[in-house]
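Visitor: Take this structure, written in structure tokens, and hold onto it; I'll ask about it next.
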């Protein structure tokens, strides 16, 4: 059976898969447009998107805004599908990036690494200033039902605006994580528990406002069977990151992708990121040196993240991720999801989507066969199983 569509307001993705926004430079217009062309939601990551701009060190706001605008224009040239942008709340350019994304009529803004309390203000101001309607959907990324409830209450009371959807990201995700390090192995924080809790938390607001607030499951989603599982738990879609790194269309250097192919389960580690959050990455010499204290505080030139304390951190997270994206993993490291060791080949986005559909179909058929077998045992007669 085909994937059920994902509806976010009047936007409909034929495939209920959101490609996770991966900075720095891992998911740009190339990957995002390829995903959108296959019916999913392709997402450009705004974090340090201006890394290739010649004036990024001198004029970081202008450079990053310009780069985001150019990537959105390029994505629109490559696809008629749904394009989103991931904008971290912790970015020093957060307000400017949100405004730029709305001005360029991006379909969806996903925002985490903090609670995006002021995001609707940008959208409403734009509508008032331009005397026209902007249809960009606002989707916070949360790690608990409590966070979702706080955002809904604040947005409704302050802006009369209910989030258009939520991404609930569990502790198996890659990159920066919305959990304390000690909570990452806590069963109470498993995505399988978080999804139903967030689904339940949005129901009173859905009933009051008279519209759906779909929940998108993220963090450790790897197969079509996983997609089926989270849809059965009440999610309307899933977000996937690691699988899309291992595609030809991913915007990272081939050496970055190859680090995924050679990764073993024991290579996955949790770092204390300079931005003040734990992060999941592939252990390498750079991370080992930072832990050993051989890296020293630096002079910040990018001023990209508001929570970064340069006088205490042993390296620049932006520069490390730029180096990694370019394939220079001796001077950086690769963020990854917990399932990275399962990646064994680089394929096209289309091949990935097709394989996920096949796995989803197999999961549906398996459940159907089990149900028929149970019914057959109850009735005493074998039950026909439809193809």
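Visitor: In nm, to one decimal, how far is the modelled label at residue 292 from the one at residue 362, with both set 7 Å along Cα→Cβ?
Guide: Distance between the two pseudo-spin positions: 4.3 nm.
Visitor: If you find the alpha carbon centre of segment 98-127 and of segment 172-214, how far apart are they in angstrom?
Guide: 21 Å
Visitor: A follow-up question, please. Round to the nearest 10 and give me the degree value, 0 to 90, for the angle of helix 94-103's Cα axis relative to the longest principal axis of the chain.
Guide: Roughly 60 degrees between the two axes.
Visitor: Rounded to a whole number, what is D in µm²/s for segment 6-253 from Stokes-Einstein with the Kirkwood radius over alpha-carbon pairs (37 °C, 0.692 mPa s)? Kindly include the intermediate steps, with their values, before the conclusion.
Guide: Values: Rh = 18.0 Å.
The Stokes-Einstein estimate is 183 µm²/s.
Visitor: How much length, in nm to one decimal, is gained on full extension between residue 80 and residue 269, taken as 0.36 nm per residue of separation minus their Cα-Cα distance?
Guide: Values: separation 189, 0.36 × 189 = 68.04 nm, distance 3.81 nm.
My answer for the length gained is 64.2 nm.
Visitor: Under 10 Å, Cα contacts only: if you run a Gaussian network model on the chain, which one of 154, 130, 257 comes out with the highest mean-square fluctuation?
Guide: Highest fluctuation among the options: 130.
Visitor: Quickly work out the residue 350-to-residue 209 label distance, labels modelled 7 Å from Cα along the C-beta direction, and quote it in nm with one decimal.
Guide: Taking the two extended label points, one gets 3.8 nm.
Visitor: Just to confirm my numbers, what's the Cα centroid distance between segment 62-90 and segment 320-371 in Å?
Guide: 23 Å
Visitor: Hey, what does the equivalent ellipsoid look like for segment 14-70, semi-axes from the Cα gyration tensor as sqrt of 5 times each eigenvalue, largest first, whole Å? Write out the running numbers ahead of the final one.
Guide: Details: eigenvalues 134, 16, 11 Å².
Whole-Å semi-axes of the equivalent ellipsoid: 26, 9, 7.
Visitor: Pull up the DSSP beta bridges for segment 6-253 and report the antiparallel fraction as a percent, rounded to 5. Don't skip to the end; give the middle numbers.
Guide: Details: 3 of 28 bridges.
So the antiparallel bridges in segment 6-253 amount to around 10 percent.
Visitor: Then there's this: Mind pulling the angle between the C-alpha long axis of helix 145-159 and the longest principal axis of the chain? Nearest 10 degrees, somewhere in 0 to 90.
Guide: 70 degrees
Visitor: A further question follows. What FRET efficiency comes out for residue 134 versus residue 285 if R0 is 56 angstrom and r is the Cβ-Cβ distance? Round to the nearest 0.05. Write out the running numbers ahead of the final one.
Guide: On the way: r = 46 Å, r/R0 = 0.83.
Efficiency for this residue pair is about 0.75.
Visitor: May I ask you to derive the FRET efficiency for residue 157 and residue 184 from their Cβ-Cβ distance with R0 = 35 Å, giving the value to the nearest 0.05? Can you show the working numbers first?
Guide: Numbers: r = 33 Å, r/R0 = 0.93.
Efficiency, from the Cβ-Cβ distance: 0.60.
Visitor: Then there's this: Taking the 0 to 90 degree range and rounding to the nearest ten, how far is the long axis of helix 60-78 tilted relative to the main principal axis of the chain, both from C-alpha atoms?
Guide: With both axes taken from Cα atoms, the answer is about 40 degrees.
Throughout, read-outs are computed from the coordinates displayed, never taken from laboratory work. Every value quoted in this text rests on a predicted model; they were computed, and no experiment measured them. FYI the Cβ positions are ideal-geometry reconstructions off the backbone, even for glycines, and counts take in every protein chain you see.
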